[in-house]
1. At a Cα cut-off below 16 Å, give the lysines reachable from residue B:91, other chains included and same-chain residues fewer than 8 away excluded.
2. Can you compute 3J(HN,Hα) from phi for each residue in the stretch A:110-125, using the Karplus curve 6.51 cos²θ - 1.76 cosθ + 1.60 with θ = phi - 60°, rounded to whole Hz and x for Gly and Pro?
3. Straight-line reach from residue A:197: which aspartates and glutamates fall under 12 Å, measuring Cα to Cα and dropping same-chain residues less than 8 apart?
4. Return the single residue from B:143, B:283, B:128 with maximal mean-square fluctuation; model: Gaussian network over chain B, springs between Cα atoms under 10 Å.
5. Per q in 0.09, 0.10 Å⁻¹, report the Debye log10 I(q)/I(0) for the protein assembly as shown, using one uniform scatterer on each alpha carbon and no solvent.
6. Could you pull out every residue, at least 5 positions away or on a different chain, whose amide H is within less than 5 Å of the one on residue A:208? Hs are placed 1.01 Å off N in the peptide plane, and Pro or chain starts have none.
7. Over all pairs of distinct alpha carbons, what does the Kirkwood formula give as the hydrodynamic radius of the stretch B:177-216, in Å?
8. In whole angstrom, how far apart do the alpha carbon centroids of the stretch B:113-137 and the stretch B:139-181 sit?
Amino acid sequence: MRLYARDLEVWIGGVKVLSGVSLDVSEGEVVGLIGRNGAGKTTTLHTLMGLVRPRSGKVYLERDGVELEVTGSKPYRIAGMGVSLVPQGRYIFPDLTVMENLEVAYGGRVPEGLLNEVFQYFPELGRIRDRLGIHLSGGEQQMLAIARALVRRPRIILMDEPLEGLAPKIVASLREVIKRLRGEGIGILMTEAGNIKRVRDLVDRVYGIDRGEIVFSGGIEDMLRDEAVRRRIWGV
Amino acid sequence: MDISLIVVQAFNALFYASILFLISSGLSLIYGIMRILNLSHGALYMVGAYVTYTVVILWLGLDWFSMILGYLASILVVGGLGILVERILLKPLYGKSHDLQLLLTFALILILDDVVKMIWGPEYRAFPKLPGFSIPVGDFQVPIYFIFTVLLGFSVAIVLHLFFTRTTVGKMIRAMTYSPEVASALGINTDRLFALSFGLGAALAGLAGGVAVPLYTASPGMGTEVIVLSFAVIVIGGMGSIKGALLGSLIVGFSRVFMVMLFPVMEIALIYIIMALILLVKPTGLFGMEMRERR
Ligand SMILES: Nc1ncnc2c1ncn2[C@@H]1O[C@H](COP(=O)(O)OP(=O)(O)OP(=O)(O)O)[C@@H](O)[C@H]1O
Ligand SMILES: [Mg+2]
């Protein structure tokens, strides 16, 4: 499966937030979307997911050689085709327990087998399954946000700053999870704003985004070597 | 004062509170889930009253069995009406100004009032008597219908509680209340749940009308007074909270009935004084949570 966007132009509240954004993510690869705060990373993910409707440009899903245009489709329809979102800020449902957060995403009681599969990635979650979302630490929330995406058995996961604001130990274990998911054939598009080092050996390739425009596409080492791109993305 | 009078008035208050609860729980659900202040909720209650009246008095004859059928008809007709209103009229307004939604629900009051007048005429439609017998209490009588209504009100509260805490759909609605965007991105069909939620709220208003009509009679515009008090109930109890609607209904029901008895001049004023005091201490109402602003 491949999810891709062509020439997205997005306006929010009379402001052009994305222009000419094109990008791809396929099963089994980890793609980084790198850019500073306000560059348009979240908007890009939201447009792919159908949460934001682009003024022009298209979003496609290619599955088993069949190309499907999904521009402006309802998010739940896109989710139904195998795309999941791990939102920035996690958005764990606060008055639902860990199990219930998984239940609503699955659409019913999660079968034991699937549950064990998910808890294999996050054994900690298995131990706090009856805790309310509001009582979870940042790390636990992030694990649950990924677990919640996983119970839907997605082929592609859009992760919005999944490593943001977490303790180094948790970052390390989430990095391992991301690698394992790729090994399982899941495609991941993940955004990163600040700390490029922690995604350096994680991503197969990256896009650089600045002020709503894709300014780089290629290997991360090439991006880091490119003075002009570095200046646009980090202003250094 | 006569103790039996107090007992009878307590049943009066409980009856009144039960009706208020059925109406305001629906109003509160719709607001809590969809952030829509449904001004037409009282008009839906009125339609529910006419439907039960028609089934029981015009069609089947007054007995418990036809009462139950009348309630079911009110639930189905008004719930269905709610779903149609949401799908056809409200849905196009999502993401637009809240004023438009308010205007629409206000327009619905006028439309439904006229529709009711067209179908049933402008005159009051009263039950000849309450279903069931009365229990003597001292010099007074407590109709069994009051007790039935109170039990029904509590049962509905319990069923709603179980629905939102035990069923996946109920939990999905709570997830959607927190963030419709994220719920949708997780594959939850939020369009269907919005329609269901509005339909559920409307169905509760319909049931309330059916339960109220034997005592209060059906008339065009009967929803207006009750909607104002329902707003007081949910402001006191907290917007979006079933528990709040229950407690708020009891507070408003008892203060209304006992003020009428003790100090009629203050009958309505007291409710607003209570409301103002609670808002001073807890601006979100007794069981209200901070409502997160939506992006
Ligand atoms: N709902 C909105 N209303 C107004 N402006 C918005 C909205 N959403 C995004 N923007 C603007 O669009 C631009 C891109 O925002 P976006 O959230 O996509 O950036 P980002 O790269 O995800 O940033 P961050 O690293 O802070 O998450 C910003 O300038 C932001 O101010
Ligand atoms: Mg962002």
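1. A:74
2. 6, x, 3, x, 5, 4, 4, 4, 5, 5, 5, 6, 10, x, 4, 5
3. Within the straight-line cut-off, residue A:197 pairs with A:221.
4. In this elastic network of chain B, the residue with the biggest mean-square fluctuation among B:143, B:283, B:128 is B:128.
5. -0.74, -0.86
6. Excluding prolines and chain starts, which carry no amide H, the hits are A:34, A:215, A:216, A:217.
7. Kirkwood radius, the stretch B:177-216: 11.9 Å.
8. Answer, in whole Å: 25.
Each value in this text was obtained by applying a stated rule to the coordinates, not by laboratory testing. Please read these numbers as outputs of a predicted model, since none were measured by experiment. Reconstructed Cβ throughout: ideal geometry from the backbone, glycine too, with neighbour counts over all protein chains shown.
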